[in-house]
Amino acid sequence: MSTCGVVTDESQIEAIYLPPYADQRHGSLRVAVRSALVTSMNDELRFFEPHEYENAEAVASRLIATLAVRRAETSSGAETTRYDARIASDVAGLIGRQRGDGGWAWCDSVCQSDPNVTGWVLLALGEARSDGTSLDRGVVERAAQYVALQLNRPTDVAHPASVDQKAFLVAALSAASPSSQARIQAQALYEQDRARLSNGGRAYLLLALHALAGGTASASPAPSDPTRALLNDLAAATIPSANGNHWEDPAEQRAPFLTNTSTTGLVSVALARVAPEHALFPQTIRWLVVARSGSEWKTNIDRALGMLGLSAYAVTTRELGASFRYRVTLDDEEILAGLAQPGAPATAERTIPLTDLTLGAMDQLAFERELGGPGRLYYTLDLRYVTPAHDIEALNRGFAISHAYSLLDDPTKSVTSAKLGDVVRVTMTIVASADRSYVTVEDMLPAGLEAIDARLANVDPALKAKLEDERRAAAGRREGAFFAPWYRWYYSPWQQVDLRDDRTVLRADALPKGVYEYVYYARATAAGRFFVAPAHADETYFPEVFGRSDSSHFTIEP
């Protein structure tokens, strides 16, 4: 089990209950505290180093990232004038790339002006404007005219306008130059197309409405306020996990340039500006921090919006300027203590053996921080203990997994018994409710079965061919997967498969959201009635995101 929390003005208490049937010889309670979710982002700027042939999108992304770093460091009291020259140079570089029609192109030579690139540049210039940079009025007016033409261009039923692109362009226009045209477009989007917007489109529309209203945040928007309805829409679409909250949109319905990572970054920016006290905000930032450390910031847009979201949170919470003492106690016994200072965030961790906890009773963990100083204290708890596997039920904490046994002559009929020497088909089904990283799946075999490794030379070629056909058919059943039955090749997400004496282990560094089947064969090698332990799937570096099947028995008859 895993949980986390934030200590602000009042101490927090977590109750730890260890069931009386838990095995105290295995497992632990890990307690970790930190004074900042957002650490220094300065090192992210190395990904934006200028180069000779960079385009307008790259310059705009670097401008947004640099502004984000400057804001975060300013909130901690650090000196930030070293970023001023880079910001001024990038603003000038963008203005110099503007085309005669008012737009910006994806490439600097033969490309035509592109509405998506133009919108991204306007967002960057709007961020600079909000930090006090003066923008040439003619530049903004020409860009606004170009965007207005894109928003009002004729469309037909066969090629309808994208409502998410509209929301993106309206947000860009509102950031760089709030106007009555932008206000009319934003209101029309909300009233006519709100139900069709993706999560990214909702976040862009939120930013547009916020900018057009003067940029004032509200702790509790009025029921009639459009921002309240959009916030509720985003809250309903949240994908929560032990890693934090994030949002996903289908690939065919995304706002321009956005991936799932940048969509979550964009939502965090919208939350920071419209509702900084929203309950989803801290856990959304936690997910972005995890994505950053897990190398999920893959594009300039991912990185720029991620940094913008993290900096907005750092400014809101003042956590980079934290100054306080903290203390953690377990049943009044101190287990952690320390000091958080500006420029030196506190980080501490302790692993407690289960023998220090009381079986069948409540233990109390108290988190306290010194009042008066700025900042917050974040904590996470991970409790791991071993339970009896007999009669255990299936559990889904991010993965649903099951395994079924059948005989080769009837693949559709599940069996709980076989004869000695039979070949048993094992079908594992894994359901990932969201994109997962560094996934490990373990399927424990009953002691009377032994997995058949089809890579070995002593395996019957006919059996190998049959297994290959079954795996190809399983791949073909996966919705949305590429499958060409006339080729020998088929898609499998599993990069490593280990067939061991007592289990089969699958590994994948990236497992997209979906349903997966994996088929392997096992031979009945010993007679008896054997216990079948649950199959288990988890994210290796976040094992609290996991799933298991139920337990059962399997009989092998002589």
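When each of ASP391, ASP382 is tested for being in contact (Cβ under 8 Å) with a residue 12 or more places away in the chain, of a type in the set (Asp, Glu), open to solvent by less than 50 Å² (accessible area, probe 1.4 Å) and under 27 Å from SER241 (Cα atoms), the lone residue that passes is ASP382. Could you tell me whether the stretch 110-117 includes any residue that is crowded, with 20+ Cβ neighbours inside 10 Å, at pLDDT 90 or above and part of a loop (DSSP other than H, G, I, E, B)? No: zero hits.
Tally time: how many residues in the stretch 405-435 are surrounded by 15 or more Cβ atoms within 10 Å (Cβ to Cβ) and without any contact (Cβ under 8 Å) to a residue 60 or more places away in the chain?
Start the filter on the stretch 405-435 by keeping residues that are surrounded by 15 or more Cβ atoms within 10 Å (Cβ to Cβ), which leaves 405-407, 415, 417-418, 422-435.
If we keep only those that are without any contact (Cβ under 8 Å) to a residue 60 or more places away in the chain too, we end up with 406-407, 415.
Final tally of qualifying residues: 3.
Can you spot a residue in the stretch 306-316 that is part of a strand (DSSP E or B) and open to solvent by 20 Å² or more (accessible area, probe 1.4 Å)? No, the stretch 306-316 contains no residue that is part of a strand (DSSP E or B) and open to solvent by 20 Å² or more (accessible area, probe 1.4 Å).
Can you name the residue in the stretch 160-207 that is of a type in the set (Ser, Thr, Tyr), open to solvent by 10 Å² or more (accessible area, probe 1.4 Å) and assigned to a helix (DSSP H, G or I) and, of all such residues, is farthest from VAL140 (Cα to Cα)? Reasoning before the result, please.
Filtering the stretch 160-207 for residues of a type in the set (Ser, Thr, Tyr) gives 162, 174, 177, 179-180, 190, 198, 204.
Subsequent filtering for residues that are open to solvent by 10 Å² or more (accessible area, probe 1.4 Å) retains 162, 177, 179-180, 190.
With assigned to a helix (DSSP H, G or I) added as a condition, the list becomes 180, 190.
Numbers: SER180: 15, TYR190: 25 Å.
Ranking the candidates gives TYR190 first.
Among the listed residues GLY102, GLY132, which satisfies the condition of being assigned to a loop (DSSP other than H, G, I, E, B), in contact with an Asp or Glu (Cβ under 9 Å, 6 or more places away or on another chain) and at positive phi?
Working: GLY132 fails: in contact with an Asp or Glu (Cβ under 9 Å, 6 or more places away or on another chain).
Testing whether each residue is assigned to a loop (DSSP other than H, G, I, E, B), in contact with an Asp or Glu (Cβ under 9 Å, 6 or more places away or on another chain) and at positive phi leaves just GLY102.
Among the residues in the stretch 278-289, are any at positive phi and touching a residue at least 40 places away in the same chain (Cβ under 8 Å)? No, the stretch 278-289 contains no residue that is at positive phi and touching a residue at least 40 places away in the same chain (Cβ under 8 Å).
Restricting the stretch 443-457 to residues that are open to solvent by 30 Å² or more (accessible area, probe 1.4 Å) and part of a strand (DSSP E or B) leaves a set whose member that is farthest from TYR518 (Cα to Cα) is GLU450. Where strands (runs of 3 or more DSSP E) fall entirely within the stretch 393-442, those with at least 3 residues that are of a type in the set (Gly, Ala, Ser) are at 399-407. Just one of the numbered conditions (1) farther than 26 Å from ALA15 by Cα; (2) within 28 Å of the chain's Cα centre (by Cα) is not true of ASP382: (1). Using the structure shown, decide if ALA148 is farther than 25 Å from PRO50 by Cβ and either surrounded by fewer than 18 Cβ atoms within 10 Å (Cβ to Cβ) or touching a Ser or Thr at 6+ places or on another chain (Cβ under 6 Å) (or both). For ALA148, the condition - farther than 25 Å from PRO50 by Cβ and either surrounded by fewer than 18 Cβ atoms within 10 Å (Cβ to Cβ) or touching a Ser or Thr at 6+ places or on another chain (Cβ under 6 Å) (or both) - is met.
The values are calculated or read from the model by the stated rules, or taken from the named source; none is laboratory data. All figures in this text were calculated on a predicted structure; none of them were measured in a lab. Methodologically, a virtual Cβ is constructed for each residue, glycine included, from the backbone with ideal geometry; neighbour enumeration extends over all protein chains shown. Note: areas computed on protein heavy atoms with side chains; ligands, DNA, RNA excluded. Shrake-Rupley method; radii C 1.70, N 1.55, O 1.52, S 1.80 Å.
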